[in-house]
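Every number here is computed from the coordinates shown, using simple stated rules; none is lab data. Source: prediction; values computed, not measured. As a convention, Cβ positions derive from the backbone with ideal geometry for all residues, glycine included, and neighbour counts pool all protein chains shown.
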Amino acid sequence: MRRRNRRWPKRHPRPRPADLSREDLSRLRERAAEFVEGSPLLRGLVECVQAARGRIYLWWFGGGLMARITPLGIRSVGLESHHGGDDYRERRRGLLGRLLRYVEEDVEGVFHGLGAFLSKERGKKAPVLVVPHERYKIPLWVVARPRRWYERGLRPVILEGDKLRGRVLVGFVSGCLSGGIRRACVYARRGGDWGWYPVREKVTESLSMAEAWLEKRKWKGWRW
């Protein structure tokens, strides 16, 4: 017998796009693309700014959607984060420039979690998450891969690195290091390309231990 009271997951309301002309939508896309290109952070994360189906989409390097922008009128837009599949969540409404700046400064993992990277660009002390990018030349979009961990309030700590071989072991902690490692990963350059490989906490005593564990799994990262 079919259940009549089946509870489906709550669907988040979505803003509907205003009926803009093709020219107005194109100008909006160009403004968004200019902002991304002018941002020392976003230009390392966003590969493409696309206009489609009345909206603006920010696409990650390596695939995947970071954010969707919906025109609500000539000046106002709505900003949504993407959570896989057809799941979008509205975050803010307002002027395009202000919402793009909100995306750029994200430190919570809603969009990318690397907003603290801008501290160095603005003459402040560089946060620890800048180290994998600057010291080991890991692309920013790879550094940002654990964004769901940033969203949970975890912060990265560099445990060990080998610049010559292209290997970095990073632990993610809540609060200070004394709180213990809650998540961990190895950033590794394999075949000329950098990748992100989650590992179990029990193999974080050394980089060699984490690598040996990944080798046994044929570099298939741990699924948290």
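A few points about this structure:
- Each Lys and Arg Cβ is given +1 and each Asp and Glu Cβ -1; about its Cα centre, the chain then shows a dipole of about 1140 debye.
- Cβ-based charge dipole, the chain, positive-most Cα from Tyr88, Phe35, Val170: Tyr88
- Tally of Lys pairs whose C-alpha atoms are under 22 Å apart, taken over the stretch 116-216, 8 or more apart or cross-chain: 6
- Cα long-axis angle, helix 207-216 against the chain (0 to 90 degrees, to the nearest 10): 70 degrees
- Cβ crowding within 10 Å ranks Phe117, Phe111, Phe61, Phe172 as Phe61, Phe172, Phe117, Phe111, fewest other Cβ atoms first.
- Selection from Gly64, Ile74, Leu100, by position along the positive dipole direction of the stretch 51-106 (Cβ): Ile74
- Among residues other than Arg200 with Cβ under 12 Å from its Cβ, the summed charge is +4 (Lys and Arg +1, Asp and Glu -1).
- Gap separating the Cα centres of the stretch 34-57 and the stretch 129-170, nearest whole Å: 23 Å
- Pair Lys202, Arg14: separation of 7 Å Cα→Cβ label points (nm): 4.3 nm
- Glu23 versus Arg53: modelled label distance in nm, points set 7 Å from Cα along the beta carbon direction: 2.7 nm
- Distance between the modelled labels on Trp224 and Arg92, one decimal in nanometres: 2.6 nm (7 Å Cα→Cβ projection).
- Candidates Arg148, Arg189, Arg75: whichever shows maximal mean-square fluctuation once the chain is modelled as a Gaussian network with Cα springs under 10 Å: Arg75
- 0 to 90° range, to nearest 10: angle between helix 22-38 axis and the chain longest Cα axis: 30 degrees
- Given their separation in residues at 0.36 nm each and the Cα-Cα distance between them, Arg31 and Glu108 gain 25.2 nm when the chain is fully extended.
- The phi-based Karplus calculation (6.51 cos²θ - 1.76 cosθ + 1.60; θ = phi - 60°) puts the 3J(HN,Hα) values of the stretch 39-51 at 9, x, 8, 5, 5, x, 10, 9, 8, 8, 10, 10, 9 Hz, whole numbers, x for Gly and Pro.
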